Amino acid sequence: MFELVEDAAKKIINMEVRGASRIAKFAAETLKRFAERVEGNFDENMRRAAEILLNTRPTAVSLFNAINYVMGYSGKSDEEKRRDAIRRAEEFIRWVDTAKKRIGEIGAKRIKDGYVIMTHCNSSAALSVIKTAFRQGKKIEVIATESRPRYQGHLTVKELSEEGIPVTLIVDSAVRYFMNDVDCVIVGADTITVNGALINKIGTSQIALSAKEARVPFMVAAETYKFSPKTLFGELVVIEERDPSEVAPKEILSLKNVKVRNPAFDVTPRDYIDLIITEIGAIPPEMAYIVIRERLGYAELEYEELKLSAKHFD
Ligand code: RUB
């Protein structure tokens, strides 16, 4: 019965399914499929399924928010709970799709004709902004970093090439070299903390630093389910550190006195961020607290509930 969930978890761990919003949507879809089929004690089995999914990748809060959203089901009987869990999963899936479209529309207003835009990694939200601006007839160009060690930049250039958008691929270390040619930077988000900091693909903070120094606006495209309620209650975001074999070959890894580190994400402080483009508007990073309280609906009174789910899921 748990095979379905375990298979899905494997796909997230090996990055067959990757990117914060795809992971979140996939988790909601998996919980929906599981809820449709599960037999026996509904609560207990759903909780186990949720735990398996949550223990895949630690950094993107979208996964936690997706799971927490579906697990907020209620009902008197198992059948009622099943129906409500399915309904909530479908609601979350719709949220992912409509938010992305809206972010594209809002963000495109910040892109002028003739702009050169730099992006990092492969963010569906950032690309939604870029594609929407292009579809509106704006002549734009993109500079995409390769995003070592997993080369998500290759996915970005393929996607943009298919859309007909001119794109230049650069190595991550060439960011400052090209920054003077750039009109704005747009990246995605894995998590936005309560103090407005951004957690995104490793290298994002170097790009933000370089953009600030060159006076280039740095924008983040992030659905509101990328905002972290846990950080409102003081928890720190766990930065995933992946296997060193992704970074260096065996002959390097086996050298004496050499350590190879492979953090997958880094933290960009809010002072480096001009704007966060969400589905509810383009907001300054200082608004993160309001998003978590007013939009996601987490207030202090609900902390116990959140802690409960966190305890189950961590
Ligand atoms: C992907 C990454 C993306 C964000 C946002 O990292 O850092 O910028 O997840 O993506 P990984 P989206 O490849 O390690 O998952 O906007 O599609 O949610």
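Taking 0.36 nm per residue of separation and subtracting the current Cα-Cα distance, fully stretching the chain between Asn41 and Leu4 would add 11.6 nm.
Surface listing: His120, His154 arranged by accessible area from highest to lowest gives His154, His120, probe 1.4 Å. Scalar couplings 3J(HN,Hα) for the range 250-260, obtained by applying the Karplus form with A = 6.51, B = -1.76, C = 1.60 to θ = phi - 60°, are 4, 5, 7, 4, 8, 5, 6, 6, 10, 10, 10 Hz; x denotes Gly and Pro. Close amide H contacts of Leu169 (hydrogens built in the peptide plane, cut-off under 5 Å, sequence separation of 5 or more or a different chain): Ala144. Can you bin the chain into rounded, prolate or oblate? Criterion: square roots of the alpha carbon gyration tensor eigenvalues sorted a ≥ b ≥ c, rounded for a/c under 1.5, prolate for a/b above b/c, oblate for the rest. Prolate, because a/c is 1.5 or more and a/b exceeds b/c.
If R0 equals 30 Å, the separation of the Cβ atoms of Asn55 and Arg176 corresponds to a calculated FRET efficiency of about 0.20. The range 201-262 and the range 24-87 have Cα centres lying 28 Å from one another.
Beta bridges assigned by DSSP with both partners in the chain are antiparallel in approximately 35 percent of cases. Rolling a 1.4 Å probe over the heavy atoms of the protein chains gives the range 204-307 an accessible area of 55 Å² per residue. Largest first, the extents of the alpha carbon coordinates of the range 1-95 on the three principal axes equal 36, 27, 16 Å.
Here is the list for the range 1-81: chymotrypsin sites (Phe, Trp or Tyr not before Pro) lying in DSSP coil, each with at most 16 other C-beta atoms within 10 angstrom of its C-beta, are Phe2. The label-point distance for Ser74 and Ile280, in a model that sets each label 7 Å from Cα toward Cβ, rounds to 2.1 nm. The dipole here belongs to the chain: it is taken about the Cα centre, uses +1 on the Cβ of Lys and Arg and -1 on the Cβ of Asp and Glu, and is about 540 debye.
Candidates Ser128, Val187, Met219 compared by Cα position along the dipole of the range 90-228: farthest toward the positive end lies Met219, with charges placed on Cβ. In the assembled protein chains, Ser205 presents an accessible area of approximately 30 Å² (probe radius 1.4 Å).
Excluding Ala211 itself, what net charge comes from residues whose Cβ is under 11 Å from its Cβ, given Lys and Arg +1 and Asp and Glu -1? Charge balance in the 11 Å sphere: 0.
Considering every Cα-Cα pair within the range 45-122, what fraction, in whole percent, is farther apart than 21 Å? The calculated P(r) of the range 45-122 puts 48 percent of pairs beyond 21 Å. Residue ranking by accessible heavy-atom surface, 1.4 Å probe, largest first, among Leu31, Leu236 comes out as Leu236, Leu31. In straight Cα distance, which lysines are under 28 Å from Lys131, not counting same-chain residues fewer than 8 positions off? Here the lysines satisfying the reach criterion relative to Lys131 are Lys11, Lys25, Lys100, Lys101, Lys109, Lys112, Lys139, Lys158, Lys201, Lys212, Lys226. Note on the chain: with neighbouring protein chains present and a 1.4 Å probe, carbon and sulfur make up 50 percent of its accessible heavy-atom surface.
The trypsin sites (Lys or Arg not before Pro) of the range 95-167 meeting both criteria, a DSSP state outside H, G, I, E and B (loop) and at most 15 other C-beta atoms within 10 angstrom of the site's C-beta, are Lys109, Lys112, Lys138, Lys139. Excluding same-chain neighbours fewer than eight residues apart, the lysines reachable from Lys76 by a Cα-Cα span under 23 Å are Lys32. With an 8 Å cut-off on Cα pairs and a minimum separation of 6 or more residues, tell me the relative contact order of the range 162-312 in percent. Computed value for the range 162-312: 28 percent relative contact order.
Here the spin labels are modelled as points 7 Å beyond Cα on the Cα-Cβ line, and at Val238 and Asp266 they lie 2.3 nm apart.
The values are calculated or read from the model by the stated rules, or taken from the named source; none is laboratory data. This one's a predicted model, so the numbers in the text were calculated from it and none came from an experiment. Cβ atoms come from the backbone with ideal geometry, glycine included; neighbour counts cover every protein chain shown. Note: accessible area is taken over every heavy atom of the protein model, side chains too, but ligands, DNA and RNA are not part of it. Shrake-Rupley method; radii C 1.70, N 1.55, O 1.52, S 1.80 Å.
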